[in-house]
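Colleague: The following block contains the structure, expressed as structure tokens.
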Amino acid sequence: MTTAKGTIRHDVANLGEVTLHYAETGPAQGTLVLLLHGFPEFWYCWKDILPGLGETYHAIAPDMRGYNLSDKPDGVEAYHIRHLMQDVLDLADHFNAEKFYLVAHDWGAAIAYAVAIAHPERLQGLVILNGAHPWIFAELLNRHEGQIASSQYIAAFRDPDIEKELLANDADWLVDWTFRPHLEQGRMTDADIAAYRAAWAEPGAMTAMLNYYRATPLNPATEETFGKGSGLDPARFMVHVPTLVLWGEADEALQVANLEGLEDFIPDLRIIRLPGISHWVTHEAPERALAEISAFINAQESAKKRGKA
């Protein structure tokens with residue numbers, strides 16, 4: 001049973017280029033916290049975290065463009081990182097938030113890092129749940145055999161016919177690849193799985209979701225390109241925003257090596273490792289995730305108030 005502030009509400013935000021559906025908790029005039037999901041999720045992955053955040057903050061979890069009930073622009077170019085970043089900034093503007101917090105997982109984390117790097121002045125804090133820093137990830141995709149092996153799905157998801165395979169048999173393969181263990185172990189219910197199947201089956205959604213992968217320049221190295229490096233300038237990937245990283249160490253998609261050297265890019269950084277937790281942190285450890293996210297934001301808000309005193 002949630003309080004009025006913790007009750008999840010739903011609405012849409014017309015951002016001009018796209019309209020995004022979102023789930024919402026908390027006071028409308030409260031400090032804004034945007035929660036960004038990854039692939040192949042939607043706002044629903046935050047359902048166990050939204051009510052708790054809404055006790056204090058204005059928490060918004062959108063369906064990212066292309067997902068579930070949000071608009072699904074045509075073409076791969078519409079899913080370039082600059083559009084995904086702009087959606088986040090426009091959503092914050094929609095709620096009249098000059099500054100806000102970003103909490104993000106997986107693809108949402110890639111977008112959140114991009115926002116933090118390009119527009120640190122907009123963020124009060126950043127929380128990353130099993131999401132890769134772009135420069136480190138680009139290098140690992142070129143030089144780290146383990147991450148290259150773990151990322152072969154990125155190349156597979158660019159196949160023009162892959163959506164038909166993923167949607168076949170009510171998306172059974174995708175359920176098996178992602179959430180089947182959680183269902184079998186009681187961390188997810190049949191109703192949860194049905195919600196995901198319905199989101200994936202929304203007209204145009206699967207193609208739009210896969211277009212995130214088709215639009216990114218990142219790709220696991222081949223035998224011909226292995227070891228050549230990304231060619232990216234690390235100085236362009238600094239994150240000058242207070243940052244908390246929650247990392248499930250049993251992640252099969254993102255190697256723990258993604259944490260190595262992260263402090264070189266984020267001066268104000270805290271990393272919390274979660275042994276035995278996989279990529280799907282919000283499903284496996286929602287209470288721990290909520291506690292750490294809340295503690296981090298509370299600490300930033302307290303520091304801000306002390307600075308004004």
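Colleague: Rounded to the nearest 500, what is the 222 nm mean residue ellipticity of the chain from helices alone, with -39500 (n - 2.57) per DSSP H run of 4+ residues and division by all residues? Provide the component values of the computation, followed by the final result.
Modeller: Numbers: 12 runs with 122 residues, N = 309.
Value at 222 nm, helices only: -11500 deg cm²/dmol.
Colleague: Each residue of region 35-44 in turn: what ³J(HN,Hα) in whole Hz from Karplus with 6.51, -1.76, 1.60 and θ = phi - 60°, glycine and Pro shown as x?
Modeller: Listing the rounded values in order: 10, 10, 8, x, 8, x, 8, 7, 3, 4 Hz.
Colleague: Moving on. What are the extents of the Cα atoms of region 1-130 along their three principal axes, listed from largest to smallest and rounded to whole Å?
Modeller: Computed over the Cα atoms, the extents are 42, 30, 29 Å.
Colleague: With the other protein chains left in place, how much accessible area per residue, in square angstrom, belongs to the chain at a 1.4 angstrom probe? Provide the component values of the computation, followed by the final result.
Modeller: Values: 13230 Å² over 309 residues.
Counting only protein heavy atoms, the per-residue value for the chain is 43 Å².
Colleague: Any idea what diffusion coefficient region 93-240 gets from Stokes-Einstein, in µm²/s, Kirkwood Rh on alpha carbon pairs, 25 °C, 0.890 mPa s? Could you put the intermediate results ahead of the total?
Modeller: Values: Rh = 17.6 Å.
Translational diffusion coefficient: 139 µm²/s.
Colleague: Right, next: Is region 243-309 best put as rounded, prolate or oblate by its Cα gyration tensor, with a ≥ b ≥ c the root eigenvalues, rounded for a/c under 1.5, and otherwise prolate when a/b is larger than b/c, oblate when not? Walk me through the numbers on the way to the answer.
Modeller: Working: a/c = 4.24, a/b = 1.55, b/c = 2.73.
Because a/c hits 1.5 or more and a/b fails to exceed b/c, region 243-309 counts as oblate.
Colleague: Compute the distance in nm between two label points, each set 7 Å from the Cα along the Cα-to-Cβ direction, one at I271 and one at T225.
Modeller: 2.6
Colleague: Can you work out D for region 25-82 in µm² s⁻¹ from Stokes-Einstein, where Rh is the Kirkwood radius over C-alpha pairs, the temperature is 37 °C and the viscosity is 0.692 mPa s?
Modeller: Values: Rh = 12.5 Å.
So the translational diffusion coefficient is about 263 µm²/s.
Colleague: At a probe size of 1.4 Å, how large is the accessible area of K304, to the nearest 10 Å²?
Modeller: 70
Colleague: So, one more: For every other residue with a beta carbon closer than 11 angstrom to the beta carbon of D106, add +1 if it is Lys or Arg and -1 if Asp or Glu, then tell me the sum.
Modeller: Details: positive: none; negative: E41, D251.
Once positives and negatives cancel, what remains is -2.
Colleague: Please work out how much length the chain gains when fully extended from R288 to A155, using 0.36 nm per residue of separation minus the C-alpha to C-alpha distance, in nm with one decimal.
Modeller: Length gained, R288 through A155: 44.6 nm.
Colleague: Sticking with this one: Of all the Cα-Cα pairs you can form in region 71-144, what percent are over 20 Å apart? Walk me through the numbers before you get to the answer.
Modeller: Values: 928 of 2701 pairs.
Summing the P(r) of region 71-144 above 20 Å gives 34 percent of all pairs.
Colleague: Given region 163-249 reduced to its alpha-carbon atoms as identical point scatterers, what log10 I(q)/I(0) does the Debye formula return at q = 0.14 Å⁻¹?
Modeller: Taken in order of the listed q values, log10 I(q)/I(0) reads -0.83.
Colleague: What is the local net charge at D48, summed over the other residues whose Cβ is closer than 14 Å to its Cβ (Lys, Arg +1; Asp, Glu -1)?
Modeller: Working: positive: K47, R187, R288; negative: E41, E55, D192, E284, E287, E292.
Neighbour charge sum, excluding D48 itself: -3.
Colleague: Picking from D90, D233, D71, which is most flexible by a Gaussian network model of the chain using Cα springs under 10 Å?
Modeller: Top of the fluctuation ranking is D233.
Colleague: With 31 Å as the limit, write out which pairs from K47/K72; K72/K228; K47/K305; K47/K228; K47/K99; K47/K304 have Cα-Cα distances beyond it, or answer none. Present the calculation step by step, with values, prior to reporting the outcome.
Modeller: Details: K47/K72 23 Å; K72/K228 36 Å; K47/K305 29 Å; K47/K228 42 Å; K47/K99 24 Å; K47/K304 28 Å.
Beyond 31 Å between Cα atoms: K72/K228; K47/K228.
Colleague: Under a 1.4 angstrom probe, counting protein chains only, how are R158, R236, R65 ranked by accessible area, largest first? Please report the intermediate quantities before stating the final value.
Modeller: Details: R158 65, R236 175, R65 5 Å².
Highest to lowest solvent-accessible surface, that is R236, R158, R65.
Colleague: Using only Cα atoms, what Kirkwood radius does region 201-304 have, in angstroms? Before the final figure, lay out the partial values.
Modeller: Working: mean 1/r = 0.0592 Å⁻¹.
Its Kirkwood hydrodynamic radius stands at 16.9 Å.
Colleague: Turning to a different aspect of this structure: Could you give the Stokes-Einstein D for region 124-188 in µm² per second, using the C-alpha Kirkwood radius, 10 °C, 1.306 mPa s?
Modeller: Translational D for this selection: 109 µm²/s.
Colleague: Sum up the charges of everything whose Cβ sits under 12 Å from the Cβ of A138, counting Lys and Arg as +1 and Asp and Glu as -1, but leave A138 out. Intermediate results must be reported in sequence, preceding the final value.
Modeller: On the way: positive: R143, K228, R236; negative: E139, D233.
Net local charge, A138 excluded: +1.
Colleague: Just the projected area, averaged over all directions, of the convex hull on the alpha carbon atoms of the chain: how many nm²? The partial results should precede the final answer.
Modeller: On the way: hull surface 62.9 nm².
Convex hull of Cα atoms, orientation-averaged projection: 15.7 nm².
Colleague: Now, a different point. Counting only the heavy atoms of the protein chains, how much of E98 is accessible to a 1.4 Å probe, in Å² to the nearest 10?
Modeller: 150
Colleague: Something else: Could you work out the relative contact order of the chain, using alpha carbon pairs under 8 angstrom and six or more residues apart, expressed as a whole percent?
Modeller: Details: 553 pairs, mean separation 59.8, N = 309.
This gives 19 percent for the chain.
Colleague: Sticking with this one: With a 1.4 Å probe and all protein chains in place, put E145, E202 in order of accessible area, largest first.
Modeller: E145, E202
Colleague: Rounded to the nearest 10 Å², what accessible area does D192 show when all protein chains are kept and the probe is 1.4 Å?
Modeller: 10
Colleague: Which length gain, in nm to one decimal place, applies between K47 and D90 when the Cα-Cα distance is subtracted from 0.36 nm times their residue separation? Can you show the working numbers first?
Modeller: Details: separation 43, 0.36 × 43 = 15.48 nm, distance 2.28 nm.
Full-extension gain reported as 13.2 nm.
The values are calculated or read from the model by the stated rules, or taken from the named source; none is laboratory data. As the structure is a computational prediction, the values presented were derived from the model and not from experiment. Positions of Cβ are generated from backbone atoms using ideal geometry, with glycine treated the same way; all protein chains shown enter the neighbour counts. Just so you know, the surface numbers come from the protein's heavy atoms only, side chains and all, with ligands and any DNA or RNA stripped out. Shrake-Rupley method; radii C 1.70, N 1.55, O 1.52, S 1.80 Å.
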